[in-house]
Amino acid sequence: MTDMTTTAAAAAAPATDPNAVGYKMTARNVDVYYGETRAIKDVSIDILDRTVTAFIGPSGCGKSTFLRCLNRMNDTIDICRVTGEIKLDGGDIYDRSVDPVQLRARVGMVFQKPNPFPKSIYDNVAYGPRIHGLTRNKADLDEIIEMSLRRAAMWDEVKDRLDEPGTGLSGGQQQRLCIARAIATSPEVLLMDEPASALDPIATSKIEELIDELRQNFSIVIVTHSMQQAARVSQKTAFFHLGNLVEFDDTSKIFTNPSEERTQDYISGRFG
Amino acid sequence: MQALDFVTAPNLALVVLALAVIGYIIGRVRAVAASKGDPSSLHSRPGYHAAFVFIWTGLPALVVLAAWVVLQPFYVEPKGYEVFPKSVMESTTQPADLKMDVVKSIAKALEDFSPEQREKLVLGFRDIESALDRAGVAVAEIDQSYMPRAAQVIFETRQSLKPIMAAVVLGLAVIGFIFSIAVVSRRMRARNRVETAVRGMLIIASSIAILTTFGIVFALIFDTIRFFSVVPFQDFLFGLTWDPTFQGADEEGHSVDSRGFGFVPLIFGTVYISFIALLVAVPIGLFSAIYMAEFATPRFRSIAKPVLEVLAGVPTIVYGFFALVTVGPALAEFFTNTLGLEAQGRSVLTAGIVMGIMIIPFVSSLSDDIITAVPQSLRDASLGLGATKAETVRIVLLPAALPGIMAAVLLAASRAIGETMIVVLAAGATAQITANPLEAMTTITVTIVNLLKADTDFTSPQALSAYALGITLFVVTLVMNVYALRIVRKYREQYE
Ligand SMILES: Nc1ncnc2c1ncn2[C@@H]1O[C@H](COP(=O)(O)OP(=O)(O)OP(=O)(O)O)[C@@H](O)[C@H]1O
Ligand SMILES: [Mg+2]
């Protein structure tokens, strides 16, 4: 058994200069504390541009926590403290001069639990474009809404009832509504926390198609509990365990020939 | 006579309860015996059988006893009135029911007297005057000999009813006792029956609140009807002058100028002052609630919230003081000297502002709880889309919390409408209709106080008008609450 931290760091060590083109986000030596509890331990990782990065790992290992660091959603939790360095396009997102509100417009998020607003389906999707003033008129907005709902694979289901409350939809529909809402703001990075956990296979494959399509322009980070999904949609995979980043590499390598025993065990279902 | 002295409603209730407790124990023992050592063979656990016996022994008997106590006067009092001379019965200046109160107090005193003392009462009550006095009877009110005689009749009727009451109540208890003990068996569904009885009691408890509401209406309605027989309904409802002439009323109230009972100035004053109060309280209360819920640090919140709530506990007379000696003069000074307007200390504005300060905590504290209760996931959703905190509050939290905030505002409004002390001291008692907030004005509640505090005769049209005002106030607040509930329900449907 090798020493955990050194191997993790070695596995995650970036091969090239983090500020070079192609790196959308870079994290260095990130620690996250909830009060006294250390939930993320010295994680360094690079999120590539136009790439899907999958976070896998057993429940409670800190995937959501780390994901929330990437758009500073952890700021909203009083007891949460983040140390280390996270950069977006070379700029430190935890710098004093950075407005977390603007950051979150660039780094969008789909939450683990669907959380539609108690407003109409239309207003839910229109929320981001409206507050950021992305459209000039109603026709523009209508277009964004239709496109977002189409990409989230639910336009046909809801096109006739756009003024019904989003909270009246089924769990899976709500999840897709939240995805539509997130992509309507056209973020540069999209963080998705188990976006397909309540979806049937058809909707899941639609969402996976969407992720693949979004990859043309954005970078995407997806947390998933499904190995197959990670293998299907991602190019890079990070395996977390107990707050450590155990292994981060090309997805094909992680799923065929992982260098860590714990990764091998997790992927083959021996624990977690 | 000795035995009859024991027969009082509380004593009977105690006996019934004692029997019920005995029944409880026996029921339990019988149920355990019926199980023959195998508890699972019982349909219901022994405790339920015991409760079943307890309920059957106690409940019917106690319900009948309560009904008896409530209904007995309706039988007894007419017997007493039969003794009253015609002149007393027909007098309109001094109603017969006031005399009956004296008679009843004598009858009550008789229960504690010895037989000799009772005899003396009818012969000439002066002999036992001091004894009556000690028993709490207003001896000076006993003006004629018919009173002791009526008291005697009432006393005797009551005594004659006692054995019947005892027999009925105890009989019921014993029947329930025997019946319920007899049916204890392994398969008896005691649990279901006890549940039914418990549900019945819960229903009764919840209907007490409803019955009280009806009781209030009932208490006001007769005098209100009497008032409207003197003053026409439309004159009251649409009259523009409130100036009841206190001298002109005769026995029937015919000479009273019914045009003096115009209700409009009073409701106008009430609504105007409450409106100003809400104008002050809603923005301040709501903004402080938003600050407390969304922006303040937990430390600040834990200090500021209780302090703000202290405002709600300050007696309204203190606010009245504050209005009278501080706010009123300051406002008058400001308007007269700075703006050159004519203003006095007592005005709608003074009362409205101080009342507004008083109801701030009602708006802020409730709204704060309601905003805090909006799920965190909605805040996350909004912030995650790049909204600022203020945008999140405005677009997501306030709409989601709106029904609750509406309820808080309506609660505050009904406080404002019902408020009396501040208006008495700060707004004056002039009933008038004017849009000028610097004028004195009065409200429904203050008018009621003024009508009833003068020690007038409660049957004059002036006093009766207080009942009409009371019931109007009741209806106004009722309509407001019903309306509020409908709004709340509408939004709740939309948001769930
Ligand atoms: N708001 C919070 N306050 C305190 N501790 C927290 C909070 N959120 C998460 N944690 C703790 O941080 C650790 C990591 O939680 P996190 O939600 O990141 O796990 P996860 O990998 O997303 O798990 P899952 O797969 O079940 O979603 C857990 O031990 C959790 O108890
Ligand atoms: Mg998670």
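No value in this document is a laboratory result; all are computed from the given coordinates. The shown structure was predicted, so the numbers you read here are calculated from the model rather than taken from an experiment. Note that we place each Cβ from the backbone using ideal geometry, even for glycine, and neighbour counts take in every protein chain shown.
Per-structure values
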| item | result |
| --- | --- |
| Percent RCO, i.e. relative contact order, over chain A, from Cα pairs under 8 Å lying at least 6 residues apart | 27 |
| Amide H contacts of A:Ala39 (H built 1.01 Å from N, under 5 Å, at least 5 apart or other chain) | A:Val32, A:Tyr33, A:Tyr34 |
| Label-point separation in nm, B:Phe300 to B:Leu339, each point 7 Å along Cα→Cβ | 3.2 |
| Calculated FRET value between B:Val21 and B:Glu309, using beta carbons and R₀ = 60 Å, to 0.05 | 0.85 |
| With at most 16 neighbouring Cβ atoms within 10 Å, loop trypsin sites (Lys or Arg not before Pro) (DSSP) excluded, longest segment of chain A | A:162-269 |
| Rounded, prolate or oblate (a/c below 1.5 giving rounded, otherwise prolate when a/b exceeds b/c) for the protein assembly as shown by Cα gyration tensor | oblate |
| Net length gained if the chain between B:Ser91 and B:Glu111 were fully extended (0.36 nm per residue, minus Cα distance) | 4.2 nm |
| Check: the stretch B:259-495 dipole with +1 on Lys, Arg Cβ and -1 on Asp, Glu Cβ, in debye | 500 |
| The stretch B:2-188: Lys pairs at Cα distance under 27 angstrom, eight or more positions apart or on different chains | 17 |
| Compactness relative to 2.2 N^0.38 Å, alpha carbon Rg of the stretch B:259-495 | 1.16 |
| Within chain B: Cβ-based charge dipole about Cα centre, in debye rounded to nearest 20 (Lys, Arg +1; Asp, Glu -1) | 2840 |
| Theoretical ellipticity at 222 nm over chain B - DSSP helices of four or more residues, -39500 (n - 2.57) apiece, nearest 500 | -24000 deg cm²/dmol |
| Pair B:Ala390, B:Asp369: separation of 7 Å Cα→Cβ label points (nm) | 3.0 |
| Shielding by other protein chains, B:386-396, mean Cβ within 10 Å | 5 |
| The stretch B:46-200, relative contact order in percent, only Cα pairs under 8 angstrom and at least six apart counted | 47 |
| Global form of the stretch A:137-272, assessed from the alpha-carbon gyration tensor, a/c cut-off 1.5 | prolate |
| Förster radius 51 Å - calculated FRET efficiency between B:Gln376 and B:Ala182, Cβ distance, rounded to 0.05 | 0.25 |
| Potential extension, B:Val198-B:Arg226 segment - 0.36 nm per residue separation minus Cα distance | 5.9 nm |
| Cα→Cβ-extended label distance, 7 Å offset, between B:Asn11 and B:Phe74, nm | 2.7 |
